[in-house]
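The values are calculated or read from the model by the stated rules, or taken from the named source; none is laboratory data. Computed from a prediction, not measured in an experiment: that's the story for all the values here. Here the Cβ is made from the backbone with ideal geometry for all residues, glycine too, and neighbour counts use every protein chain on show. For the accessible areas, the whole protein counts, side chains as well, though only heavy atoms, and no ligand, DNA or RNA atoms are used. Shrake-Rupley method; radii C 1.70, N 1.55, O 1.52, S 1.80 Å.
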Amino acid sequence: MAKAWGDALTEPERPRKSWSWSTALRSIVPLLGFWLLLRNYIISADHTPQWHRGTDAESKARCHQLEPLFPSKSTKELNDTESYLQSEDFRKLAIERLSGAVQIPTQSYDDMGDIGADPRWDIFNSFADYLAKTFPLTHATIQLEKVNTHGLLYTWPGTDPSLKATLLMAHQDVVPVPDSTVKQWTHPPFSGYYDGKFVWGRGASDCKNQLLAILNAVEALLAADFTPRRTLILSFGFDEEISGREGAQHLAKHLLQKYGHNSIAAIVDEGAANVENWGADFAIPGVAEKGYIDVDVVVRMPGGHSSVPPVHNGIGVAAELITLIEHGLYEPRLAEENPYLGLLTCGAEHAPEFPKKLHHLLDKRSARSQTCKERPDRLAEEAAKAGLSVKYLFTTSVAVDIIHGGVKNNALPERTQIIVNHRINVGSSSNDIKTHISKLAGVIAKKYSLKLNAFNGTEEPSSITLSHRTTVLEPAPVTPTTLHSSSSNSTHVTPFSILSGTTRALYGKDLIVAPGIMTGNTDTRYYWDLSEHIFRYAPGWDKEQAGMGNIHTVDERVGVQAHLDTVKWMWGWIRNMDEAGL
């Protein structure tokens, strides 16, 4: 990888008295009280108290930044290929490859039927054929298995079977483009148009960019006669946008049967991108994900002719419950294991414009070690003021997304249903959500003399029934972000340290690597049993590209520089992981 990469406290003299314990205590207590007042004052000030500071090295160790990590093993072929990856010829080829991939409309729909029966799945055959044609060395050299027809699983065996494999992920599918929005696009959504800076089209950013970058890096390594020590696996699902049950779920099950529990050294999937914040640049790979639960609420009330309506019918009662739900939102709360707390720590250590109030709230929290769940989390509340996109990194979200009620304009509704989506905060659980919404529904049920059936599978007349879908997902296990691990007789680097060093090798020492968290869920939800080290990270960074490149909306696009940097990152990550003594 190219290296761009006190006197005032004494009391007036008094007559001397004989010494006694009571005399000593009367002397010490005032001093102790003053000491406590002084201590609290210093802790609340905008810096860490001197007795908590330690040495400068110890302070920085709270968010230690590793030196850039470059692969140590090299050959003429690897060096020549690395130079080629910097060339204009490769730039043109990478653009052409990505553009062609975007032109294949691999859309996945919520109502997809069975594979083999619903013809909308067939487009994935075309995409697989395109990859085979575009990356001939990969398909001639590496084993390819097709799991559940369209899941693509590539295995490049390493020379040392005792080493755990490295796994790279991406998904082939894209969200649909509604016909009503096609004319709003600057360039047609499946044109793959290149304007000199960006490749435009659905999937350019989410996430054919990452999929193509992985294959570009592997193709280049094969061209350079690279032979891995550590097995490399590529796993590409095809229905991530509709929860991955046909793709990633089957792929993960296949891998678990083949390799076993905790058999993968590290997994990298799509995820958080690099950002500028507090006057510094951060890489924030997602090391955690929030959980997920959809709660169905059914209000059953007597029907009748709408010419003689009651004061409140089923729709009105459901609306009142919705209002109560929206007034009973969850408060921001930073659990000790929430990665955003680590990001705040890194910001306080390294970012020149880190807010003063956040700084002293963080110091106060450090002095206490943890917060009481019965009290408001002042640090979380202050951090949440940065906006909703930040707030919901450490707050359970609640959104009433669907409502159905009534069948005719002159008949009172007998059954009204709402669906409430929750993304569960780290440190919370689906049981917490069920308890909370049950209490709210109980208030309305009591008010209108309805029976409450909370998550017991029963629905009956004159009742409020709560249930949940099968898609319940607890918050993900948090990936360790320590830089070293120790065994009985040695110390080893960790996957997070490899990721940090690889990223700083690409972007330089000014980039701060800090833990991040995802508000949504990637295909890694099915891979938890395969590895403790899962990173959801989009390593490509183009500062001319706003945000995530308009994913899921009109004018999705990706900066070519971001795409090329993703290729270079994958090239460095694969080699660094291959050399690592984990």
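Residue count for the stretch 529-579 under the criterion of being open to solvent by less than 10 Å² (accessible area, probe 1.4 Å) and part of a loop (DSSP other than H, G, I, E, B): the result is 5. For the stretch 429-441, filtering for residues that are under 19 Å from Gly316 (Cβ atoms) and open to solvent by 20 Å² or more (accessible area, probe 1.4 Å) leaves 1.
Scan the stretch 230-245 for residues that are crowded, with 20+ Cβ neighbours inside 10 Å and on the phi > 0 side of the Ramachandran plot and the total you get is 1. Selection of the stretch 326-356 for residues being of a type in the set (A, V, I, L, M) and in a helix (DSSP H, G or I) yields Leu341, Leu343, Leu344, Ala348.
Number of residues in the stretch 491-509 that are out of contact with any Ser or Thr (no Cβ under 6 Å at 6 or more places or on another chain) and more than 14 Å from Trp569 (Cα to Cα) equals 5. Scanning the stretch 286-314 for residues that are hydrophobic (A, V, I, L, M, F, W, C) and surrounded by fewer than 18 Cβ atoms within 10 Å (Cβ to Cβ) yields Val308, Val311.
Looking at (1) surrounded by fewer than 21 Cβ atoms within 10 Å (Cβ to Cβ); (2) assigned to a loop (DSSP other than H, G, I, E, B); (3) at pLDDT 95 or above, which is the one condition that is false for Ala476? All conditions pass for Ala476, except number (1). Would you mind stating whether Asn521 is in a loop (DSSP other than H, G, I, E, B), touching a strand residue (DSSP E or B) at 6+ places or on another chain (Cβ under 8 Å) and at positive phi? Here the answer is no, as Asn521 does not meet what is asked. Provide a single number: the residues in the stretch 401-428 that are in contact with a strand residue (DSSP E or B) (Cβ under 7 Å, 6 or more places away or on another chain), under 29 Å from Pro339 (Cα atoms) and surrounded by fewer than 18 Cβ atoms within 10 Å (Cβ to Cβ). Residues that pass the stated criteria total 2. Condition check for Phe127 on (1) touching a strand residue (DSSP E or B) at 6+ places or on another chain (Cβ under 8 Å); (2) open to solvent by less than 20 Å² (accessible area, probe 1.4 Å): one failure, at (1).
Residues in the stretch 215-229 that are surrounded by fewer than 24 Cβ atoms within 10 Å (Cβ to Cβ) and among the β-branched types (Val, Ile, Thr): Thr227 alone.
Could you pull out the residue among Thr470, Thr481, Thr502, Thr458 that is open to solvent by 50 Å² or more (accessible area, probe 1.4 Å) and in contact with a helix residue (DSSP H, G or I) (Cβ under 6 Å, 6 or more places away or on another chain)?
Every option except Thr481 fails the conditions.
Residues in the stretch 320-350 that are surrounded by fewer than 18 Cβ atoms within 10 Å (Cβ to Cβ) and among the small types (Gly, Ala, Ser): Gly328 alone. Residues in the stretch 246-276 that are modelled with pLDDT under 95 and open to solvent by 40 Å² or more (accessible area, probe 1.4 Å): Val275, Glu276.
Given the criteria of a type in the set (D, E, K, R), at pLDDT below 95 and loosely packed, with under 14 Cβ neighbours inside 10 Å, does Glu58 qualify? Yes: the conditions hold for Glu58. Annotation note: Cβ proximity below 7 Å between a residue of the stretch 208-230 that is of a type in the set (D, E, K, R) and a residue that is assigned to a loop (DSSP other than H, G, I, E, B) (sequence gap 6+ or interchain) occurs for Glu219/Phe135; Arg229/Gly158; Arg229/Thr159; Arg229/Asp160; Arg229/Leu163; Arg230/Gly158; Arg230/Asp160; Arg230/Leu163.
Considering the stretch 505-518, the residues that are open to solvent by 20 Å² or more (accessible area, probe 1.4 Å) and either touching an Asp or Glu at 6+ places or on another chain (Cβ under 7 Å) or outside any loop (DSSP other than H, G, I, E, B) (or both) include one that is farthest from Glu82 (Cα to Cα), namely Met518.
Applying the condition of being assigned to a loop (DSSP other than H, G, I, E, B) and under 17 Å from Leu564 (Cα atoms) to the stretch 68-104 and asking which residue is least open to solvent (accessible area, probe 1.4 Å) yields Ser87. Tell me, yes or no, whether the stretch 370-385 has at least one residue that is part of a loop (DSSP other than H, G, I, E, B), under 19 Å from Lys290 (Cα atoms) and more than 18 Å from the chain's Cα centre (by Cα). Yes: the stretch 370-385 contains one or more residues that are part of a loop (DSSP other than H, G, I, E, B), under 19 Å from Lys290 (Cα atoms) and more than 18 Å from the chain's Cα centre (by Cα).
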